Protein chains: 2
Amino acid sequence: MATANFGKAARLADVAKAAGVSQGTVSNVFNRPEIVSEEVRERVREAAKALGYSGPDPKGRLLRAGRFNAIGVATVEPLSFFFEDPFARLLMTGITEASEASGTGVSLVSAASEEELAWNVRSALVDGFILFCLEGAQALITSSRERQLPFVALALGHDDPTVSAVGIDNVGGARAVARHLCELGHRRFAIIGMRLSRRGAGRVSLERVKATTYSASRDRVQGYLEALQEFGIATEEVPIYETQSDVATIHAALAEIFEAATPPTAILAQSDRIALVVLDWLQQRGLSVPGDVSVTGFDGVPESATSVPPLTTVVQPIVEIGRRATQAILQDDGSIRRQTLEVELAVRGSTAPPRRP
Amino acid sequence: MATANFGKAARLADVAKAAGVSQGTVSNVFNRPEIVSEEVRERVREAAKALGYSGPDPKGRLLRAGRFNAIGVATVEPLSFFFEDPFARLLMTGITEASEASGTGVSLVSAASEEELAWNVRSALVDGFILFCLEGAQALITSSRERQLPFVALALGHDDPTVSAVGIDNVGGARAVARHLCELGHRRFAIIGMRLSRRGAGRVSLERVKATTYSASRDRVQGYLEALQEFGIATEEVPIYETQSDVATIHAALAEIFEAATPPTAILAQSDRIALVVLDWLQQRGLSVPGDVSVTGFDGVPESATSVPPLTTVVQPIVEIGRRATQAILQDDGSIRRQTLEVELAVRGSTAPPRRP
DNA sequence: AAGCGAATTTGAATCGCTTCAAGGAATGAC
DNA sequence: GTCATTCCTTGAAGCGATTCAAATTCGCTT
């Protein structure tokens with residue numbers, strides 16, 4: 001017997017046999033019922049019901065039809081990152097919005113180890129990837145490229161010109177916010193940045209910054225310094241601190257910064273997350289913001305608008321980035337496209353002219 | 001020619017032919033390289049590279065191997081809900097934590113219309129579903145059942161005994177928080193609840209509450225009233241308001257409540273989300289919390305601990321619920337399991353004894 | 001030189017469905 | 001009554017891999 005199938009769940013072929021029609025007809029009953037005559041349609045439906053068959057198994061369809069109708073969002077962070085980090089959440093909002101609109105599913109892909117990552121990317125049931133690159137960008141890109149599916153990098157820290165990406169004008173945004181502070185009259189600054197390396201923290205040289213592959217960080221520093229230079233500030237004396245974006249390393253940086261004889265009157269934080277920690281620290285120390293010190297952020301997460309005081313920051317169109325990235329995958333034509341979206345300076349309560357000395 | 005394959009991407013069979021080995025061997029090279037002799041392994045790898053073959057296509061594997069290694073999280077809300085709602089986010093943290101630990105992917109499944117829902121559930125590439133049931137529970141359950149895969153409902157509003165579920169002791173939690181208020185000396189209450197129906201809002205009768213299928217809401221009311229009864233309070237006079245959990249309907253309810261000649265001294269809100277809105281409204285009206293009015297929530301989302309004042313509430317082990325739900329899918333044995341987790345009363349700043357009359 | 005177990009490799013059978021060219025039946029026009 | 005049309009249905013060819021019993025090879029022992 002070529003095809004007996006006792007015990008197991010019914011298959012398309014079983015239904016066809018039971019209803020006395022061909023497999024193709026059964027397939028049509030489920031996928032394009034309108035082209036099947038009513039009589040046959042009913043007969044097939046009844047046979048299906050009798051056999052407990054509830055529709056074609058996606059496994060089979062997949063192999064034949066070829067598309068998963070899903071896009072993967074990949075990162076090297078733990079998956080919970082997508083639900084905790086404000087930036088990632090907004091991004092996912094954009095991604096899900098766009099994918100939902102086109103009837104595409106969303107699959108979260110992650111991995112602790114590089115090996116696992118490679119495996120997960122290799123076997124993800126998706127038609128393309130959005131790469132959420134913070135650290136580990138290179139590993140993600142390598143794996144995705146191997147999978148030979150369209151993918152787009154969120155240029156959050158990486159700028160490989162051979163890769164499609166959606167990003168923002170980091171240099172321009174940083175320049176704008178630094179200019180704003182200069183125009184208010186500030187002349188003494190400190191920059192607190194994100195991680196340039198896996199484990200680093202503490203004061204770093206400008207050379208070190210320039211050498212990092214983490215482009216978002218690098219570009220923001222560049223933008224800051226360009227603006228300061230326009231105002232004749234000795235940029236080589238502006239201290240730059242690297243942190244792990246966590247409370248401990250940010251506090252450490254602040255402690256060093258405010259030990260100085262003439263501490264800065266303005267802090268350029270490279271992300272809102274950092275800026276918010278800075279805000280807290282200063283206020284706990286009895287320093288008023290913006291009275292004693294002005295603070296700026298970068299990103300424009302929702303929290304930046306509701307902090308006390310609300311944060312002057314560079315607002316990224318985060319949701320739009322997510323949408324664009326999704327569309328880039330869905331409309332992929334094999335070409336490499338790099339999109340750079342504009343950012344906007346939001347001047348809020350955390351900046352003011354420096355106190356007269 | 002049975003198998004020529006010019007132009008298209010290389011397949012396992014092409015690599016096998018090129019390397020002069022059988023398909024099975026190539027498969028082994030990629031999946032269990034340790035059982036293939038080094039020489040053959042290298043030969044196959046080279047052939048693969050030469051053909052631009054980067055590993056077995058998941059589509060094929062799937063059909064043969066049968067498992068997707070992914071679980072779906074389904075809801076009728078828009079997908080962005082998972083990244084915006086605090087409760088959902090915590091839940092997803094638990095779900096992703098557990099699934100990541102077992103090397104399983106997570107796929108988000110949603111749908112605006114019932115029809116789409118049915119289709120998406122039918123064709124989702126997953127081994128099981130976690131049903132995030134708020135509204136639309138029945139449609140979700142029906143679709144999932146049809147798919148004949150294991151699924152577990154998060155008993156957020158539904159209690160169908162024929163369905164596996166992970167839930168909490170709503171009655172007990174509600175009883176505890178209401179008791180707490182009674183012990184503080186409160187005697188006049190109002191209950192503000194979640195939606196009992198798709199569009200309803202406004203004061204509802206107890207009968208109406210008892211008749212709703214939305215069990216979480218019903219059980220919480222029941223718990224509240226049990227406690228009040230213990231303290232000899234005339235429960236039939238306690239006003240119960242239904243809302244859509246949005247600002248407008250909550251404000252409307254509050255307006256009515258505080259129009260009364262002798263307004264309540266304590267508000268039992270059925271969720272933290274509602275309680276936080278209540279907090280705002282009261283304070284805007286110049287009523288102090290807990291001075292003039294005590295307010296309690298339910299759920300224990302992170303925001304409840306940082307509000308001003310922090311909210312007295314019933315804390316659900318939300319992350320744990322997510323973990324359990326995931327494990328229930330992964331370890332499914334076909335049986336129906338209903339788990340009820342304990343909740344904990346968190347007494348914080350939003351409750352105090354009522355002012356002396 | 002035969003015998004044996006371990007280590008590799010092979011071959012062929014699925015997995016369950018979609019697709020599409022081609023066949024048939026029914027309807028309508030002339 | 002014939003010939004087009006239109007509308008359904010059929011049949012068979014893949015889609016790309018995994019699996020496992022059976023065959024082969026190899027290195028040693030006896």
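The values are calculated or read from the model by the stated rules, or taken from the named source; none is laboratory data. No experiment lies behind these values; they were computed from the predicted model shown. Virtual Cβ from ideal backbone geometry, glycine too; neighbours counted across all protein chains shown.
For the subset of region A:63-77 comprising residues that are of a type in the set (A, V, I, L, M, F, W, C) and without any contact (Cβ under 8 Å) to a residue 12 or more places away in the chain, which member is nearest to the other protein chains (Cβ to nearest Cβ)? This residue is A:Leu63. Taking region B:256-354 and the helices (runs of 4 or more DSSP H) fully enclosed by it, the elements with 3 or more residues that are over 29 Å from B:Asp127 (Cβ atoms) are at B:272-284, B:303-306. Cβ separations smaller than 7 Å between residues 6+ apart or across chains give no pair from region A:167-190 residues that are of a type in the set (Phe, Trp, Tyr) to residues that are in a helix (DSSP H, G or I) and modelled with pLDDT under 95. A:Ser37 meets the conditions (1) within 12 Å of DNA strand D (Cβ to nearest atom); (2) among the hydroxyl-bearing types (Ser, Thr, Tyr); (3) at pLDDT 90 or above in every case but one. The failed one is (3).
Every residue, every condition in (1) in contact (Cβ under 8 Å) with a residue 24 or more places away in the chain; (2) at negative phi, yes or no:
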site	(1), (2)
A:Val238	yes, yes
A:Ala252	yes, yes
A:Ala255	no, yes
A:Glu259	no, yes
A:Pro263	yes, yes
A:Gly286	no, no
A:Val301	yes, yes
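Could you check how many residues of region B:81-90 are surrounded by fewer than 19 Cβ atoms within 10 Å (Cβ to Cβ) and facing chain A (nearest Cβ under 9 Å)? Selection size over region B:81-90: 1. For A:Ser99, are the conditions met, namely being on the phi < 0 side of the Ramachandran plot and either at pLDDT 90 or above or more than 16 Å from DNA strand D (Cβ to nearest atom) (or both)? So A:Ser99 passes the test. The number of residues in region B:64-74 that are at pLDDT 90 or above and within 8 Å of DNA strand D (Cβ to nearest atom) comes to 0. If you take the residues in region A:181-217 that are buried (at least 20 other Cβ atoms within 10 Å of the Cβ), closer than 17 Å to A:Gln229 by Cβ and modelled with pLDDT of 90 or more, which one is farthest from the chain's Cα centre (by Cα)? Result: A:His186.
Among the residues of region A:73-86, is there at least one that is of a type in the set (A, V, I, L, M), under 26 Å from A:Ile130 (Cα atoms) and touching an Asp or Glu at 6+ places or on another chain (Cβ under 9 Å)? Outline the logic, then answer.
As a first pass, look at region A:73-86 and keep what is of a type in the set (A, V, I, L, M): A:73-74, A:76, A:79.
With the extra rule that they be under 26 Å from A:Ile130 (Cα atoms), the set shrinks to A:73-74, A:76, A:79.
Those still in the list that are touching an Asp or Glu at 6+ places or on another chain (Cβ under 9 Å) too: A:76, A:79.
Scanning region A:73-86 turns up at least one residue that is of a type in the set (A, V, I, L, M), under 26 Å from A:Ile130 (Cα atoms) and touching an Asp or Glu at 6+ places or on another chain (Cβ under 9 Å).
Residues are listed down the side, and each one gets a yes or a no for (1) within 9 Å of chain B (Cβ to nearest Cβ); (2) surrounded by fewer than 18 Cβ atoms within 10 Å (Cβ to Cβ); (3) more than 30 Å from B:Ser102 (Cα to Cα):
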{"site": "A:Ala19", "(1), (2), (3)": "no, no, yes"}
{"site": "A:Val36", "(1), (2), (3)": "no, no, yes"}
{"site": "A:Ser54", "(1), (2), (3)": "yes, yes, no"}
{"site": "A:Leu79", "(1), (2), (3)": "yes, no, no"}
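Taken over region B:91-107, the residue count meeting the criterion of being more than 8 Å from chain A (Cβ to nearest Cβ) and either hydrophobic (A, V, I, L, M, F, W, C) or more than 12 Å from A:Val109 (Cβ to Cβ) (or both) is 6.
If you check A:Gly232 against the conditions, is it on the phi > 0 side of the Ramachandran plot and in a loop (DSSP other than H, G, I, E, B)?
On the way: on the phi > 0 side of the Ramachandran plot: yes; in a loop (DSSP other than H, G, I, E, B): yes.
Here the answer is yes, as A:Gly232 does meet what is asked.
Would you say A:Glu34 is in a helix (DSSP H, G or I) and closer than 26 Å to A:Arg273 by Cβ? Spelling it out, it is not the case that A:Glu34 is in a helix (DSSP H, G or I) and closer than 26 Å to A:Arg273 by Cβ.
Can you name every one of the strands (runs of 3 or more DSSP E) wholly within region A:110-177 that holds 2 or more residues which are buried (at least 23 other Cβ atoms within 10 Å of the Cβ) and touching an Asp or Glu at 6+ places or on another chain (Cβ under 9 Å)?
Numbers: elements: A:129-132, A:151-154, A:165-168.
Here the list reads A:151-154, A:165-168.
Looking across region B:108-120, the residues that are under 16 Å from A:Phe30 (Cα atoms) and facing chain A (nearest Cβ under 10 Å) come down to B:Glu116, B:Ala118, B:Trp119, B:Asn120. When A:Arg43, A:Arg32, A:Arg61 are screened for being modelled with pLDDT of 90 or more, charged (D, E, K, R) and more than 12 Å from DNA strand C (Cβ to nearest atom), only A:Arg43 passes.
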